[in-house]
């Protein structure tokens, strides 16, 4: 990979401010000079230029991951990789992508904690279980290539991970379910959570629907039931 420049930065940074873009390019190129991978360079880019990222940047990262995952499906059907290689490469891409999503969503709000890594690994293990069924479906011919491409693309949009790292770390435990977890649209969920705390230490969680997206009945129900209130005792026990 040739070094990135201010006029040709990593795709995730193309709409950033000049200052953020400069920090990104500097960190990413430093990794490349040490023979790091493109993915490692982008980790460094996001970490060095961290601010709270936008929905548009979530879409940029997720679209890129979806295309990469769909490329693995095409490579399998073209005979370039076998099913074991497909599963291994798919897992590797998911690990990288979830890490990128975590860093992007956290911004500079706080540093990554061991608990964050545990949360990511638990989510990845769930995805890896689903992946085994996916691999079986395509290897036995139970799924068409077109359907496999669609399904692979959904893995690129880990909405629950994005939301989890955009709110206080105890919200996921208090809620039990996050946007994207049970959405009938899967990774295409556009919902967010807004948090308010009262003077006594209680917490209100608002499930917010995107005003222009088509929402499934499950997400609409979550929004209608909000705000979810957690007492000061519940909040304290969850920390």
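General observations
- Residue-level analysis places residue 177 outside the set of residues that are surrounded by 15 or more Cβ atoms within 10 Å (Cβ to Cβ) and either within 30 Å of residue 132 (Cα to Cα) or within 15 Å of the chain's Cα centre (by Cα) (or both).
- Evaluation of residue 82 against (1) at pLDDT 95 or above; (2) surrounded by 14 or more Cβ atoms within 10 Å (Cβ to Cβ) (one fails), failing number: (2)
- One residue alone among 211, 232 is surrounded by fewer than 15 Cβ atoms within 10 Å (Cβ to Cβ), out of contact with any helix residue (DSSP H, G or I) (no Cβ under 6 Å at 6 or more places or on another chain), in contact (Cβ under 8 Å) with a residue 12 or more places away in the chain and outside the structural domain of residue 94 (by TED's automatic domain parsing), and that residue is 232.
- Residue list for region 129-154, filter: exposed (fewer than 15 other Cβ atoms within 10 Å of the Cβ) and not in a helix (DSSP H, G or I): 140, 141, 142, 144
- Helices (runs of 4 or more DSSP H) fully within region 1-80 that include at least 1 residues being more than 18 Å from residue 97 (Cα to Cα), in the same structural domain as residue 100 (by TED's automatic domain parsing) and in contact (Cβ under 8 Å) with a residue 60 or more places away in the chain: 55-77.
- Qualifying positions in region 175-203 - closer than 17 Å to residue 98 by Cα and at pLDDT below 90: 186, 187, 188, 189
- Residue that is farthest from the chain's Cα centre (by Cα), among those in region 142-174 that are free of Cβ contacts under 8 Å to residues at least 40 places away in the same chain and more than 21 Å from residue 102 (Cβ to Cβ): 142
Matching residues to (1) over 14 Å from residue 161 (Cα atoms); (2) surrounded by 15 or more Cβ atoms within 10 Å (Cβ to Cβ); (3) modelled with pLDDT under 80:
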position: 18; (1), (2), (3): yes, no, no
position: 44; (1), (2), (3): yes, yes, yes
position: 67; (1), (2), (3): yes, no, no
position: 88; (1), (2), (3): yes, no, no
position: 108; (1), (2), (3): yes, no, yes
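- Close pairs from region 178-202: first in contact (Cβ under 8 Å) with a residue 40 or more places away in the chain, partner in a helix (DSSP H, G or I), Cβ under 6 Å, at least 6 apart: 179/159; 179/163; 187/154; 187/159
- Flag if residue 56 is modelled with pLDDT of 80 or more, out of contact with any helix residue (DSSP H, G or I) (no Cβ under 8 Å at 6 or more places or on another chain) and exposed (fewer than 12 other Cβ atoms within 10 Å of the Cβ): yes
The values are calculated or read from the model by the stated rules, or taken from the named source; none is laboratory data. Here the structure is a predicted model, which is why all the values come from computation and not from measurement. Ideal geometry is used to build each Cβ from the backbone, glycine not excepted, and the neighbour counts take in all protein chains shown.
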